Ligand code: SF4
Ligand code: SF4
Ligand code: FES
C-alpha cells in the first residue's frame, strides 16, 4: 500500500471510530480528488462518509479556519485534520481564547510538504511532525535540516532594496488589489465578527479598490496579524491578484523573532509581544 | 489656511502639514506650557489631544497620511510617567513595529515621529516642533497617496 493510501486508511479509521463512538459530532478533513489542483475540505458527520478522508501534497488548506465558525460550533465537538503548521494556528486560537481545547479534537497528520514544487513555508518547515495533537497519523517524514535559514527570505530580499524601490514595488503590487478580502476570509486568525474594513462610522478604510484604500487595507491586515500570523501562507495562495502578501507577513514575523525572540503559535500558552511590554524596550528612534 | 493644490506644488509657498497626537497628561500639557511661556513654534503642527499615547491606533496615523499629512507625530509621557502606568510602553512597541512596516512598504520612516514630552518640557516641545518642521520641509510633500490616486485617475 502506498504511504498516501495507508495515511488515508488511518484517517478514515480514526474518524469513523470517533464518530461512531460519539466522541465528536463532526470531522473536518481533506478529500483528495482525482484531477483537482487542491484537495478540498470535507465535513464528515457519519462513519461511512469518513471513507472520503485522505491526505496528500495537495492539502494546502489550513482547516483550523473552520474551528471558530458559528455553523461548525453549533454542531458540537469537532475533530479537525491538521498539519504541523496548522497546529500553530490552532495554538494561537487557543491562546486568544477563541476556542477551548476541550471542544476540539486534533488529528495530526505527518506532512512531507504541500505543492508540486514545495511551498516556501514547506522548505523552511520545522514542524512536519505535529505537536500537541490527540492522535497523529501517517508515516514518519524527514525533517529538513537548516530550516531556519531562508525563513524570511522574501522579506529580506525586499529589505535590501532602497526605500524608493520598495515604494514603487508595493505601489504596483497593491494597486492590483481588488478588495475581495479573500486573504481575510481564508485566514484562521481573522476571526473578528466585524472587520475594521466594514466599519463605516467613521469609515476607517476606503472600500473601493482604489490605491489609497488598498494601502490602508493591506497595512491594517498585516498589522492586525503582527505577532499572530503563523505563516501558513493561505492568504498569499488565495489572492486572485497574486500580491505577495507572504513577504509582508514575513517582515512582521521576522521583527517579532528579532526583537522579542517570539514565533507565533509554537505553544498555546505563549504570550504575544503586543499583549505585553517590557520597560527595557528600546527608545531608539524616539525623540 | 486651507492649502490649495497650487501652493502645494509651489515649494516656495509650501508649508508642511504635521498631525500630532498628544497624550492629555504630559505632551499636551507640555505644548500648553510652551504656549503659556510664549515660546513660539511653527503653526505647521495640528494637535489632536488623546487621553494617552497608548490610545494611538496605527489607523490614526494612516488616516492622517491619507488625508494629506506630510508628517505624523505621536507624543506621550516619558517611560514610567504614563498616567495610566503603561500606555506609553504599549505604544512604544506597537508604533515601532508600525514604523517598520510602513518603511517596508516604502513610506519614508522619517515621516513618522515619536517623542516623549513631559508637562514641564515646554521648551523641548517648541524646539521639537521647530526641528521636525524643518525636516518635513526638507522631505517635501508626502506624495505616495496622491500620486497613487493620480495613476488611477489617468487610467
Ligand atoms: S499566513 Fe496569511 S492566512 Fe496564514 S495566519 Fe498569516 S495572515 Fe493568516
Ligand atoms: S486577496 Fe488579494 S486582492 Fe483580495 S483583498 Fe486580499 S490582497 Fe486584495
Ligand atoms: S498618559 Fe501620557 S502616555 Fe499615557
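Here, each number is a calculation from the coordinates, and none is a lab measurement. Being a predicted model, the structure only gives us computed values, none of them experimental. Quick reminder, even Gly has a Cβ in these numbers, built from the backbone with ideal geometry, and neighbours come from all protein chains shown.
Among A:208, B:27, the ranking by other beta carbons within 10 Å of each residue's beta carbon, starting with the fewest, stands as A:208, B:27.
Ranked by how many other Cβ atoms sit within 10 Å of their own Cβ, fewest first, the residues A:139, B:81 fall in the order A:139, B:81.
Please identify, among A:169, A:223, A:55, the residue showing maximal mean-square fluctuation in a Gaussian network model of chain A using a 10 angstrom Cα cutoff. Judging by the Gaussian network model, the answer is A:169. For chain A, taking the reciprocal of the average inverse distance between every pair of different Cα atoms yields a Kirkwood hydrodynamic radius of 20.2 Å.
Going from the residue with the fewest nearby Cβ atoms within 10 Å to the one with the most, A:160, B:121 rank A:160, B:121.
Separation of region B:15-91 and region A:81-115, taken as the distance between their Cα centroids, equals 42 angstrom. Structural descriptor for chain A: relative contact order 16 percent, calculated from alpha carbon pairs under 8 angstrom and at least 6 residues apart. Shape annotation for region A:21-67: C-alpha extents along the principal axes are 33, 23, 11 Å, from largest to smallest. Length available on full extension from residue A:267 to residue A:192: 0.36 nm per residue minus the Cα-Cα distance, which gives 24.8 nm.
From the C-alpha gyration tensor of region B:79-129, pull out the three semi-axes of the equivalent ellipsoid (sqrt of 5λ each), sorted largest to smallest, in whole Å. Working shown, then result.
Numbers: eigenvalues 112, 57, 4 Å².
Whole-Å semi-axes of the equivalent ellipsoid: 24, 17, 4.
Note on chain A: GNM, Cα springs under 10 Å; of A:189, A:53, A:255, the largest mean-square fluctuation is that of A:255. For chain A, the longest principal axis of the Cα atoms and the long axis of helix A:3-20 meet at an angle of about 80 degrees.
For region A:30-60 and region A:160-189, write down the distance between their C-alpha centroids in whole Å. Measuring centre to centre over Cα atoms gives 31 Å. Secondary-structure-derived ellipticity at 222 nm for chain A, considering helices only, amounts to -10000 deg cm²/dmol, per-run term -39500 (n - 2.57) for DSSP H runs with n ≥ 4.
On the beta carbon distance between residue B:78 and residue B:15, with R0 = 30 Å, the FRET formula returns roughly 0.50. Using a ≥ b ≥ c from the Cα gyration tensor of region B:16-154 (square roots of the eigenvalues), is it rounded, prolate or oblate, where a/c under 1.5 gives rounded and otherwise the larger of a/b and b/c decides, a/b for prolate? The shape class here is oblate. Springs between Cα atoms under 10 Å define the GNM used for chain A, and in it the highest mean-square fluctuation of A:188, A:211, A:268 occurs at A:211. Extension gain, residue A:129 to residue A:209: 0.36 nm times the residue separation minus the Cα-Cα distance gives 24.7 nm. In a fully extended conformation the segment linking residue A:148 and residue A:21 would gain 41.6 nm over its present Cα-Cα distance, using 0.36 nm per residue.
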